[in-house]
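Here is the structure we will look at, set down as structure tokens.
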Amino acid sequence: MSDRKTILIAGGAGYIGSHLNRTAHERGYHTVVYDNLVSGHKSAVQWGDFVLGDLADAGQLRLTLRHFRPDAVMHFAAHFCVGESVDDPEKYYLNNVAATLNLLRTMREEACRHFIFSSTCATYGIPRRIPIVEEHPQAPVNPYGRSKLMVETVLADYAAAYGLRYVNLRYFNAAGADVLTRIGEDHSPETHLIPLVLDAAAGRRPHVSIFGTDYDTPDGTCVRDYIHVDDIARAHLLALEYLFEGGESGSFNLGNGRGYSVKQVIDCARSVTGREIAVIKGPRRAGDSPALVGGTEPAARILGWRPETPRLEDIIGTAWAWHKKRFC
Ligand code: UDP
């Protein structure tokens, strides 16, 4: 019998999930994407099996787990826009929390015990110290971050009570695209800084709005730690191997440990694209933390993870190649 392991990828048609799917496939895993295609794209599911399904549909989930008998579930299926979560928190708690409980219940019923969770640096809230380490208090300042922290809490309780084994991966700002431009970031509507900046570079938008120029940061704009999506994907497989080898459940930051302001990102994009990018100064966006930069020593020491594409210009370069392929 083959010892090829199977991973169920909830939300595998989305941005980060599709990069994980490709990476897992390259590493010899059998993958099953489970996605309702509300925000994901069928065209991004280029590897493994695909099941059209919703996490809220317990019957469909059960059938899927029974059929494929996955060794692990990786859970990417969530809403992720900070501003929207402030305006419509119910959407976030229903999808990010309630649907996740459904997934975890089905996993328990079907004796699937390994879980990798897409968590976020937004669970830390306003940092007291930078870089943010995993032990930093978690006090999220928006419903998106709170919805993710709720699931982290549930996972710790389920691990203690039911023997679930999990890793929370707290992403900083995912960016970039597959180097061969087969998949990349494609949200509708787009709300993330780098694709919006590239839209402006491509002439698809007249300008980029900077959300707040009066933060207590070196140039007054928010600082974020941008991490290549392929580096995030690799970390998932390292985390899974760590669990398979008996590693303890826990949480790891995934970032580059270096922050860039909104203005620095725009300047970098000007240099990478060689295009004009017009900016206008706008008000702060509700729910934004001034600076989020991650310490990632535990991921390096325990998982053996190191970013392979740490330079912002390279991250933006891959995103620009994907952008040009579609729009220029
Ligand atoms: N941002 C901005 N203008 C935009 C979109 C985002 O100034 O049109 C800022 C946003 O306030 C944040 C940073 O860019 O400080 C990154 O935002 P994004 O939505 O990409 O990711 P988040 O940090 O919210 O996960």
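A few notes on this one:
- In segment 171-203, the residues that are more than 13 Å from V229 (Cα to Cα) and within 13 Å of the ligand (Cβ to nearest atom): H187, P189, E190, T191, H192, L193, P195, L196, V197, L198, D199, A200
- When residues of segment 204-236 are limited to those that are near the ligand (Cβ under 10 Å from one of its atoms) and outside any loop (DSSP other than H, G, I, E, B), the one surrounded by the fewest Cβ atoms within 10 Å (Cβ to Cβ): S209
- Flag if R306 is free of Cβ contacts under 8 Å to residues at least 40 places away in the same chain, more than 25 Å from D199 (Cβ to Cβ) and open to solvent by 50 Å² or more (accessible area, probe 1.4 Å): yes
- Selection status of S271, open to solvent by 20 Å² or more (accessible area, probe 1.4 Å) and either in contact with a Gly (Cβ under 6 Å, 6 or more places away or on another chain) or in contact (Cβ under 8 Å) with a residue 40 or more places away in the chain (or both): yes
- Verdict on A286 being open to solvent by 40 Å² or more (accessible area, probe 1.4 Å), more than 25 Å from H236 (Cα to Cα), outside any strand (DSSP E or B) and small (G, A, S): yes
- Looking across segment 237-249, the residues that are of a type in the set (G, A, S) and surrounded by fewer than 23 Cβ atoms within 10 Å (Cβ to Cβ) come down to G246, G247, S249.
- Count of residues meeting criterion [in contact with a Pro (Cβ under 9 Å, 6 or more places away or on another chain) and within 16 Å of the ligand (Cβ to nearest atom)] in segment 281-321: 8
- All positions within segment 37-71 that are of a type in the set (S, T, N, Q) and either outside any helix (DSSP H, G or I) or touching a residue at least 40 places away in the same chain (Cβ under 8 Å) (or both): S39, Q46, T64
The values are calculated or read from the model by the stated rules, or taken from the named source; none is laboratory data. Small disclaimer: the values here were computed from a predicted structure and weren't measured. Quick reminder, even Gly has a Cβ in these numbers, built from the backbone with ideal geometry, and neighbours come from all protein chains shown. Side chains are part of the model used for accessible areas, which takes the heavy atoms of the whole protein and leaves out ligands, DNA and RNA. Shrake-Rupley method; radii C 1.70, N 1.55, O 1.52, S 1.80 Å.
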